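Each remark here refers to the structure printed beneath this line.
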Amino acid sequence: MIQNKIKLLFIWVVCFFSAGSFASNSAAAISVSASSVQGGQTIKFTSAQMRLNVNSEVRIRVNSSEGRKYQVFQRLIDSLRNERGDMLLPNVMKAYTVSGSSASGTMYAQVPETVGISDQLLYSSSPSGASDSFTIAYRIDPEQLRGSGNFSSRIQYLVRTIGGSGQGEAILNINIEAPSELEMKVTGGHLREREDRSYNAKSINFDVINIEFKGNHGQDMRIYQEFSTYPRNDEGMLISHDAFRFRTENASSSPVVQALSGISSKRVLVYSGKQDSEKIAVIFDLNKDQVNTQKAGKYRGNVRYIVESVEWQKTYDLDLVIDIKPVFKIDVQFPDGGMNFSKVVPDSPPQVREALIKVESNLNKPYVVLQHFISPLTNEHGMIIDKRYFTTKQEILPDQSGRVKDTEFNSADIAETPVYFSDSKGSSAQFKIFYRLLAYPEINAGNYTTSVIYTLGEK
């Protein structure tokens, strides 16, 4: 009986120690957890974050009670693909462990390395296998980012003991908002003369330079205009700043240059904004009052548009051709009634008529204005006025160049006679011609009239 009790006691003691050993093995475990520093279970890269080259960080925590050294690895489970199935290049995402972020152990991958589908060693614990945590920083290489859309995948973190069977895993999602690339187009650049039918006269017009972009994604953008080669003709003559002007029109925002402004050889701002897309028209104008002072011909130059944002600068060069047509014309303005002297009698006071002569020329050659009377000054009865009493003189208007034949009244010669001589450059000019009829005792009463022709000729 005593012997049976001893056996029973031995069995219970053996069972007790066996159970204790089993409990100890069950408590010995290793696990890993991962969380985005941004919060949640997703490593996010927004377009704004990538523009500013901001990292996304993940905190890794390992809990271990095995007493064995362990290692932590990472790998991509799937390739990064967008909603259309497009795949990013393997080396687009890089990672490195943040120095000093762990309490013990050894950090690996301390310089940015490509995150791929193969295991990448991140961390080795101390020999005792103490629990620890550390930080991993991720960044997107913009040079390798090809494509647009939302790219996603998953990343796996594995912990394994060395010389043991303990292991654990954690998985995070990855989301990359890849912005579409900026698309920009700059077109135009030939100025020409066209027929303006609404006014039944020729006016100066041009090809507008169009700047169109999309895919800006809210960045601050500035567009500047400058003339890398200022327009000049084959003889090296520059086009006048006053003759060449511009303004801008925008499709969806306020224009920077609303009023016509003379061009400058300096850099000028033509757009500033954050629109995702915009159409900008740079509208040039050839000032008709000034362009005729330019010598006729083609003026060639190069206009440059510099597009700047936080991340990049792009330059667009356009050849600019300004085609100024030859102008050589005369315009005469007579008062109502023309060259008509009415109700003339011997004791009539002097009657004066005046004509305004306008000459436009851009040939850069001297010219002369000729006057020719179709007939003598005659009344309705065919009586001709004594030429001593029909006189003329010319007067140049202020700020005009050239010279006139008669600055005082002299007898009007009905033959073709030069009345105005331009300067050596053949500048456009305006002057007046006065015609005076003096009554005299022998004059025949009546209404006297004649016709005059003005012509332009080269000196």
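Could you please give the count of residues in region 142-161 that are under 42 Å from the mean Cα position of the chain (by Cα) and more than 15 Å from Ile43 (Cβ to Cβ)?
The number of residues fulfilling the criteria is 8.
So the check is Cβ under 7 Å with 6+ separation or different chains; which pairs have a first residue in region 225-241 that's assigned by TED's automatic domain parsing to the domain that holds Lys298 and a second one that's of a type in the set (Ser, Thr, Tyr) and surrounded by 15 or more Cβ atoms within 10 Å (Cβ to Cβ)?
Hits for this filter: Gln225/Tyr305; Pro231/Tyr299; Arg232/Tyr299; Asn233/Tyr299; Leu238/Tyr230; Ile239/Tyr299; Ser240/Thr293.
For region 153-181, how many residues are within 28 Å of Asp86 (Cβ to Cβ) and part of a loop (DSSP other than H, G, I, E, B)?
Residues in region 153-181 being within 28 Å of Asp86 (Cβ to Cβ) and part of a loop (DSSP other than H, G, I, E, B): 3 in total.
Might you let me know whether region 233-242 holds any residue that is over 24 Å from Met184 (Cα atoms) and touching a helix residue (DSSP H, G or I) at 6+ places or on another chain (Cβ under 7 Å)?
Taking every residue of region 233-242 in turn, at least one turns out to be over 24 Å from Met184 (Cα atoms) and touching a helix residue (DSSP H, G or I) at 6+ places or on another chain (Cβ under 7 Å).
List pairs: first residue in region 75-93 and under 11 Å from Gln144 (Cβ atoms), second residue basic (Lys, Arg) and surrounded by 17 or more Cβ atoms within 10 Å (Cβ to Cβ) anywhere in the structure, Cβ distance under 9 angstrom, at least six positions apart or on different chains.
Listed by first residue and then by second, the contacts come to Met93/Arg139.
When only residues in region 368-377 that are in contact with a strand residue (DSSP E or B) (Cβ under 6 Å, 6 or more places away or on another chain) and assigned to a loop (DSSP other than H, G, I, E, B) count, which is surrounded by the most Cβ atoms within 10 Å (Cβ to Cβ)?
Here is the first cut: in region 368-377, the ones in contact with a strand residue (DSSP E or B) (Cβ under 6 Å, 6 or more places away or on another chain) are 368-373, 376-377.
Keeping just the survivors that are assigned to a loop (DSSP other than H, G, I, E, B) gives 376-377.
Details: Pro376: 15, Leu377: 23.
The extreme case among them is Leu377.
Can you tell me which residue within region 348-367, out of those that are buried (at least 17 other Cβ atoms within 10 Å of the Cβ) and of a type in the set (A, V, I, L, M), is nearest to Gly446 (Cα to Cα)?
Applying the filter and picking the extreme gives Ala355.
Please verify whether region 426-442 includes one or more residues that are closer than 11 Å to Leu370 by Cα and in the same structural domain as Ile357 (by TED's automatic domain parsing).
No: region 426-442 contains no residue that is closer than 11 Å to Leu370 by Cα and in the same structural domain as Ile357 (by TED's automatic domain parsing).
Looking at this structure, is Ile211 modelled with pLDDT of 75 or more, among the β-branched types (Val, Ile, Thr) and in a strand (DSSP E or B)?
yes
Within the group Glu360, Glu408, Glu354, Glu380, which residue is within 30 Å of Gly297 (Cα to Cα), of a type in the set (D, E, K, R) and either more than 56 Å from the chain's Cα centre (by Cα) or not in a loop (DSSP other than H, G, I, E, B) (or both)?
Unique residue meeting the criteria: Glu360.
Could you pull out the residue among Lys365, Lys266, Lys298 that is outside any strand (DSSP E or B), in the same structural domain as Phe227 (by TED's automatic domain parsing) and in contact (Cβ under 8 Å) with a residue 24 or more places away in the chain?
Numbers: Lys365 fails: in the same structural domain as Phe227 (by TED's automatic domain parsing); Lys298 fails: outside any strand (DSSP E or B).
Sole residue among the options that is outside any strand (DSSP E or B), in the same structural domain as Phe227 (by TED's automatic domain parsing) and in contact (Cβ under 8 Å) with a residue 24 or more places away in the chain: Lys266.
The values are calculated or read from the model by the stated rules, or taken from the named source; none is laboratory data. All values derive from a computational prediction rather than experimental measurement. Cβ: placed from backbone, ideal geometry, glycine included. Neighbour counts: every protein chain shown.
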